[in-house]
Protein chains: 2
Amino acid sequence: MKPLIGTDLKRFLRQYRRDHPPHRELAAILQSVAYPANVGAAFRLAEATAMSSLLLTGITPTPPHPGLDKVARFKADRVPWRYEEDAATAVAQMRAAGYHLVAVELADGAQVYTAYTYPRRVCLVVGHEDHGVTRATLAGCDGAVFLPMYGKGRSLNVAIALSIVAYHALHAPLPPE
Amino acid sequence: MKPLIGTDLKRFLRQYRRDHPPHRELAAILQSVAYPANVGAAFRLAEATAMSSLLLTGITPTPPHPGLDKVARFKADRVPWRYEEDAATAVAQMRAAGYHLVAVELADGAQVYTAYTYPRRVCLVVGHEDHGVTRATLAGCDGAVFLPMYGKGRSLNVAIALSIVAYHALHAPLPPE
């Protein structure tokens, strides 16, 4: 095996995209994600998974922002994003746009993310590094998922948790219509 | 739904762990991962997925290190890690210990990570933020997996890519014996 570079790499990824279109249309809401590096990572993820929108709410920093743009590998301009001060408004807007809202949060009634039945249009909701998705925002979601933790830690980094669930949701089989 | 906190949260995660032990024993090799934040995120992941070992090679920074420890949420002391200068030696050691070695790298012959058949003991190998897993290290691996990219970007952050593949491998059904 040898690493793919340049045109070969571009062709390899393009061919896979053509043969395997994603199963779902994804979007995400970041509720007061505080660290620019985490927001930047969410932008890079949003670009990689072709998210239809990324909504930044509360204290979430917005582009242009040096720390955010660097981690986003300057992909922020390729992601349809907007700022909405109130997370509840963002949730209502995404629901009106036809999205099923799933919080990535350890909430009572949360299902393990691999067992959740994701419909075709899914908007993932993540929260602040310490406080998570608030109770008020959870109330507006259709469901919640969590990541199993096999150590003493109770959570993963917010951008990493969002990425794991987003890639899973991109590929998981669709429910019967 | 309301967020789980304190003892309820601890009990919830513990119950899930007991009812759903992971399908695989995971380990990882970081080949010259340069940024302390990425190494810290790998430590946090290793703790969360109960990795049996985390091998740091080449220029990968090692604990104690302020930037690394902060991102690892001070979990580095809970992860069985060691430094091994040469990545090829680390690969050979893990093979001798009974691990199947899978590079997370866009290499010719790489399979999409969701289609790969992971045996029971898997050591994931990731590389430098710009240069990836080297050709020499790839030669020592049993296989390589890649993440589909649905945008213009050609890769995700190394800690995020490792996390997506690790969580997938943790849960994916085992191959028939």
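The values are calculated or read from the model by the stated rules, or taken from the named source; none is laboratory data. Note that the structure is predicted; figures quoted are calculated from it, not measured. Neighbour counts are summed over all protein chains in view; Cβ atoms, including those assigned to glycine, are modelled from backbone coordinates with ideal geometry. Heavy atoms of the whole protein, side chains included, go into the accessibility calculation; ligands, DNA and RNA do not. Shrake-Rupley method; radii C 1.70, N 1.55, O 1.52, S 1.80 Å.
Here are some notes:
- Top of B:A87, B:A166, B:A48 by mean-square fluctuation, Gaussian network on chain B, Cα under 10 Å: B:A48
- Checked against a 20 Å cut-off, the cross-linked pairs A:K10/A:K70; A:K2/A:K75; A:K70/B:K152; A:K152/B:K75; A:K152/B:K70 give Cα-Cα distances beyond that limit for A:K10/A:K70; A:K2/A:K75.
- Amide H to amide H distances under 5 Å link B:V112 with B:F146, where only residues 5 or more positions off or on other chains count and H is placed in the peptide plane.
- Order by protection proxy (mean Cβ within 10 Å, highest first), peptides B:98-107, A:37-46: A:37-46, B:98-107
- Averaged over its residues, the stretch B:1-62 has an accessible area of 41 Å² per residue, based on protein heavy atoms and a 1.4 Å probe.
- Look at the dipole of the stretch A:1-53 built from charges on Cβ: of A:S53, A:A28, A:L13, the Cα furthest out on the positive end belongs to A:L13.
- About the centre of its Cα atoms, the stretch A:54-146 shows a dipole size close to 460 debye [charges on the beta carbon of Lys, Arg (+1) and Asp, Glu (-1) only; nearest 20 debye].
- With R₀ fixed at 41 Å, the C-beta to C-beta distance from A:R121 to B:R121 puts the FRET efficiency at about 0.60.
- Label geometry 7 Å along the beta-carbon vector: B:T7 inter-copy distances in nm: 6.7
- For the stretch B:87-177: rounded, prolate or oblate by the Cα gyration tensor [a/c cutoff 1.5]: oblate
- Debye equation applied to the C-alpha atoms of chain B, log10 I(q)/I(0) at 0.13, 0.17, 0.19 Å⁻¹: -0.64, -1.07, -1.29
- Take each residue of peptide A:166-172, count the partner chain Cβ atoms within 10 Å of its Cβ, and average: the result is 4.
- Solvent-accessible area, 1.4 Å probe, carbon plus sulfur percent, for the stretch B:73-152: 48 percent
- Among A:G151, A:G143, A:G109: highest mean-square fluctuation, GNM of chain A, C-alpha pairs under 10 Å: A:G151
- Two-site label geometry, B:H23 and A:R135: point separation in nm, points 7 Å out along Cα→Cβ: 3.8 nm
- The protein assembly as shown, dipole about Cα centre (Lys/Arg Cβ +1, Asp/Glu Cβ -1), debye to the nearest 20: 240 debye
- Inter-copy label distances for B:E85: 5.9 nm (label point placed 7 Å from Cα along Cα→Cβ; shortest first).
- Label point 7 Å beyond Cα along the C-beta direction, distances from A:P173 to other copies (nm, shortest first): 0.8
- When the Gaussian network model of chain B links Cα atoms closer than 10 Å, the mean-square fluctuations of B:P119, B:P21, B:P80 top out at B:P21.
- Total accessible surface hidden between A and B, rounded to 100 Å², 1.4 Å probe: 5600 Å²
- Contact-buried residues of the stretch B:73-115, at a threshold of 30 Å² lost accessible area versus the chain by itself: B:R73, B:R78, B:L106, B:D108, B:Y113 (1.4 Å probe; DNA, RNA and ligands ignored).
- Net charge, B:K75 excluded, C-beta distance under 14 Å - Lys, Arg +1, Asp, Glu -1: +3
- Per-residue mean of foreign Cβ neighbours for A:152-162 is 6 (Cβ atoms of other chains, 10 Å radius).
- Three principal axis lengths of the stretch B:1-83 [C-alpha, angstrom, descending]: 44, 27, 20
- Helices in chain B, meaning DSSP H runs of at least 4 residues, each add -39500 (n - 2.57). Divided by all residues, the mean residue ellipticity at 222 nm is -10500 deg cm²/dmol.
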